[in-house]
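Participant: One structure is given below, represented as structure tokens, and several questions about it will come after.
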Amino acid sequence: MKNFSYLDKLKVVFITATGTYPKSIGGPAVFLYYLSRNLKEKNLSNINIFDFSSLKENYIFNIFRCIRNLVRCHVVFFNSPPVRTLFLFSLLAKILKKKTIFICHGGIFFESKGVLNKIIDRPLLILQLKRKIIEYSIFPSKWLLTYIKRYYKVNAKLLVIPNGVDTEELDSYSPVILPTKNNILFVGRLAKIKGISTLLEAFSHLISENCDITLYIAGPRGDLSQSELEKIIKSPHIRFLGKISHSLKLKLMKSVDLIVVPSIWENFPLVVIEAMGCAKPVIATAVGGIPEIIENGVNGILVPPFDSKLLSYYIEHLLHDKEKCSLLSRNAYKDVKQRYDWKIIANLYLNFILNILIK
């Protein structure tokens with residue numbers, strides 16, 4: 001193996017099919033933007049990103065550019081599951097004896113419900129992990145790593161590196177004055193898996209007892225029913241913002257009183273650590289990797305999924321207990337600074353890259 005003495009000699013390729021920020025603002029797109037930017041700041045400057053999320057944007061040309069870079073690079077990261085078109089790249093990387101890494105955000109196992117996903121994508125990914133076409137897999141949560149090991153018995157080398165946030169960027173945003181009081185924020189797709197129905201039910205309990213409360217909802221519609229969407233739009237106590245920019249999301253987080261993440265399933269949601277990094281109390285469900293981030297009663301509040309009554313209880317409790325909110329916020333902010341700042345997370349990735357190259 002060559003001795004890579006200088007980081008600027010390393011050539012790294014990232015391949016994704018979930019878009020790139022700021023064109024796309026979903027979790028994997030934002031993750032890739034900050035990871036690549038922070039690696040470049042650490043002098044790993046030779047990074048190329050290839051996005052196959054759209055067939056419209058020079059797709060064929062992009063394939064040839066990607067192949068050319070695969071031949072020349074040392075490490076290949078798949079920020080999206082290497083299936084369909086991306087499988088060709090993972091196979092080529094294996095033939096070329098490149099170091100291959102899949103960053104598993106979890107959606108292929110829990111959120112993708114199409115027939116093609118069930119009969120092609122998921123089996124193809126598992127095949128690659130079992131046959132070591134993909135040599136390494138990185139998981140943001142211990143929970144997801146344990147799940148994959150238990151149910152799929154893959155042979156790839158598995159490790160956990162959590163997601164991160166840019167705490168300096170979060171600190172740069174100032175709160176704005178909202179026209180309402182007792183403000184709650186939900187950020188995410190209006191989908192069943194995100195627990196939006198549970199939140200709406202919990203909120204109906206709250207406004208029946210207290211009219212001076214407002215729920216801000218930011219995100220695309222998802223699979224929410226038309227009747228539930230109409231309830232949201234027509235409610236005088238709900239401000240539906242639709243899909244918003246990353247920067248507006250962070251400004252809102254700085255401005256509201258608390259943030260709710262009522263998901264039925266999550267891997268390691270960026271919205272939780274973003275909210276904590278904005279020094280806001282978070283109420284989230286104890287599912288997936290969320291309990292690895294939130295210690296109940298210390299840096300946030302955990303509730304069971306589907307429990308609208310307990311969710312409404314804690315929302316009301318925190319809105320009235322400013323001292324408790326302040327304690328949770330301080331602990332959350334401190335925790336994110338110490339554990340999830342991108343400078344820390346990028347170092348973990350950099351050390352990982354260097355370690356696999358000298359093996």
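Throughout, read-outs are computed from the coordinates displayed, never taken from laboratory work. Source: prediction; values computed, not measured. Every residue, glycine among them, receives a Cβ derived from its backbone with ideal geometry; neighbour counts consider all protein chains shown.
Participant: What does the charge count near S174 come to, summing +1 for each Lys or Arg and -1 for each Asp or Glu among other residues with Cβ under 12 Å from its Cβ?
Facilitator: Around S174, the charge tally is +1.
Participant: What are the semi-axes of the equivalent ellipsoid for the chain, taken as the square roots of 5 times the Cα gyration tensor eigenvalues, largest first, in whole Å?
Facilitator: Equivalent ellipsoid semi-axes, largest first: 38, 22, 19 Å.
Participant: Gap in Å between the Cα centre of the range 22-39 and the Cα centre of the range 76-142?
Facilitator: 19 Å
Participant: What chymotrypsin sites (Phe, Trp or Tyr not before Pro) does the range 1-75 have in DSSP loop regions with at most 16 other beta carbons within 10 Å?
Facilitator: Answer by residue number: F4, Y6.
Participant: For the chain, give the magnitude of the charge dipole about the Cα centre (Cβ charges: +1 Lys/Arg, -1 Asp/Glu; no others), in debye to the nearest 20.
Facilitator: Computed charge dipole of the chain: roughly 1980 debye.
Participant: For the range 168-339, count all C-alpha to C-alpha pairs, find those more than 23 Å apart, and express that count as a whole percent of the total.
Facilitator: More than 23 Å apart: 32 percent of the Cα pairs in the range 168-339.
Participant: Sticking with this one: May I ask you to list the aspartates and glutamates whose Cα is less than 14 Å away from that of K113, ignoring any residue fewer than eight positions away on the same chain?
Facilitator: The reachable aspartates and glutamates, counting only those whose Cα sits under 14 Å from K113, are D121, D223.
Participant: Something else: Per-residue HN-Hα couplings for the range 315-327, Karplus 6.51 cos²θ - 1.76 cosθ + 1.60 at θ = phi - 60°, whole Hz, x for Gly and Pro?
Facilitator: Coupling constants for the range 315-327: 4, 5, 4, 6, 5, 9, 9, 5, 5, 5, 4, 5, 5 Hz.
Participant: Would you mind checking which residues have amide H under 5 Å from D166's amide H? H placed 1.01 Å from N; only 5 or more apart, or other chain.
Facilitator: W342
Participant: Pairs K11/K334; K9/K243; K94/K251; K231/K254; K149/K309; K99/K194: which are spaced more than 32 Å apart, C-alpha to C-alpha?
Facilitator: K11/K334; K9/K243; K94/K251; K149/K309; K99/K194
Participant: Still on this structure, please answer the following. Determine which aspartates and glutamates satisfy two conditions relative to K97: a Cα distance under 19 Å, and not lying fewer than 8 residues away in the same chain.
Facilitator: E135
Participant: Enter the angle in degrees (range 0 to 90, nearest 10) between the Cα long axis of helix 142-152 and the first principal axis of the Cα atoms of the chain, meaning the one along which they spread out most.
Facilitator: Once rounded, the angle reads 60 degrees.
Participant: Using amide H atoms built in the peptide plane, which far-off residues or other-chain residues are under 5 Å from N267 H to H?
Facilitator: Residues meeting the criterion, in which the H sits 1.01 Å from N, are G289.
Participant: Report, in cubic angstrom per residue, the convex hull volume of the C-alpha atoms of the range 1-93.
Facilitator: 95 Å³
Participant: How big is the charge dipole of the range 168-339 about its Cα centre, in debye rounded to the nearest 20, if each Lys and Arg gets +1 on its Cβ and each Asp and Glu gets -1 on its Cβ?
Facilitator: My answer is approximately 380 debye.
Participant: Can you give me the angle between helix 246-255 and the longest principal axis of the chain, using Cα atoms only, in degrees from 0 to 90, rounded to the nearest 10?
Facilitator: Once rounded, the angle reads 30 degrees.
Participant: Using Cα positions and a limit of under 13 Å, work out the aspartates and glutamates in reach of K42, with same-chain residues fewer than 8 apart set aside.
Facilitator: Candidates past the 8-residue exclusion: D8.
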